[in-house]
Amino acid sequence: MDLEFYDDDNRLDAKHQDLVKKLVAFCGEELKKPEDTEMSITIVSDDEIQRINREYRDTDRVTDVISFAIEDGEDDLPDVPGLPENIGDLFIDPDKVRAQSVDYGHSFERELGYTVVHGFLHLNGYDHIKPEDEAIMIPLQEKILD
């Protein structure tokens, strides 16, 4: 995986940045993505993720992760030989992730891992809105996390 990682305000320490990068690489291997597959992760504040959520999803609240898939299930993008696939962008709010880890009673690392894997799967076309889609995505997510 060719991951562009942005954390301009150093909201994640080096250990957690490394965890995110390793998880993305592992997810890529599990889904058999080519090594040159591109994506980005941007670490943001509560205010920034709420702004993104409001602007792009018409939902005015803080959330843990927002995914913007490049293809989003569409087949109308041209297939250019030699051009790496770009699956999209994740925006992650570690403050919300930390709060959720407390609410759910597990470690920050476990919740951060869940958030990264969940967002990665969304970038690759997985969803959980319909029960039949959830029956595919959630077991795959748990398998990767295990």
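The values are calculated or read from the model by the stated rules, or taken from the named source; none is laboratory data. All values reported here derive from a predicted model rather than from experimental measurement. Note: ideal-geometry Cβ built from the backbone for every residue, glycine included; neighbour counts use all protein chains shown. For accessibility, only protein heavy atoms count, side chains too; no ligands or nucleic acids. Shrake-Rupley method; radii C 1.70, N 1.55, O 1.52, S 1.80 Å.
Of all residues being open to solvent by 70 Å² or more (accessible area, probe 1.4 Å) and modelled with pLDDT of 95 or more in the range 58-86, which is nearest to Asp13 (Cα to Cα)? Just the residue, please. The qualifying residue nearest to Asp13 (Cα to Cα) is Arg61. Residues of the range 92-107 that are outside any loop (DSSP other than H, G, I, E, B) and either crowded, with 22+ Cβ neighbours inside 10 Å or in contact (Cβ under 8 Å) with a residue 24 or more places away in the chain (or both): Ile92, Pro94, Asp95, Lys96, Val97, Gln100.
Checking the stated criteria, Val44 turns out not to satisfy the condition of being within 15 Å of Phe120 (Cβ to Cβ) and open to solvent by less than 90 Å² (accessible area, probe 1.4 Å). For the range 1-40, a residue qualifies if it is free of Cβ contacts under 8 Å to residues at least 60 places away in the same chain and of a type in the set (Lys, Arg), and the qualifying residues are Lys15, Lys21, Lys22, Lys32.
Against the numbered list (1) part of a helix (DSSP H, G or I); (2) under 18 Å from Asp7 (Cβ atoms); (3) acidic (Asp, Glu), Asp89 comes up short only at (1).
Conditions tested, residue by residue: (1) within 13 Å of Glu85 (Cβ to Cβ); (2) in a strand (DSSP E or B).
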| site | (1), (2) |
| --- | --- |
| Glu4 | no, yes |
| Leu12 | no, no |
| Lys15 | no, no |
| Leu19 | no, no |
| Ala25 | no, no |
| Gly28 | yes, no |
| Lys33 | yes, no |
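Scanning the range 108-138 for residues that are in a loop (DSSP other than H, G, I, E, B) and either in contact with a Ser or Thr (Cβ under 6 Å, 6 or more places away or on another chain) or in contact (Cβ under 8 Å) with a residue 12 or more places away in the chain (or both) yields Asn124, Gly125, Tyr126.
Filtering the range 115-126 for residues that are out of contact with any His (no Cβ under 8 Å at 6 or more places or on another chain), over 19 Å from Ser67 (Cβ atoms), at pLDDT 95 or above and open to solvent by 20 Å² or more (accessible area, probe 1.4 Å) leaves an empty set.
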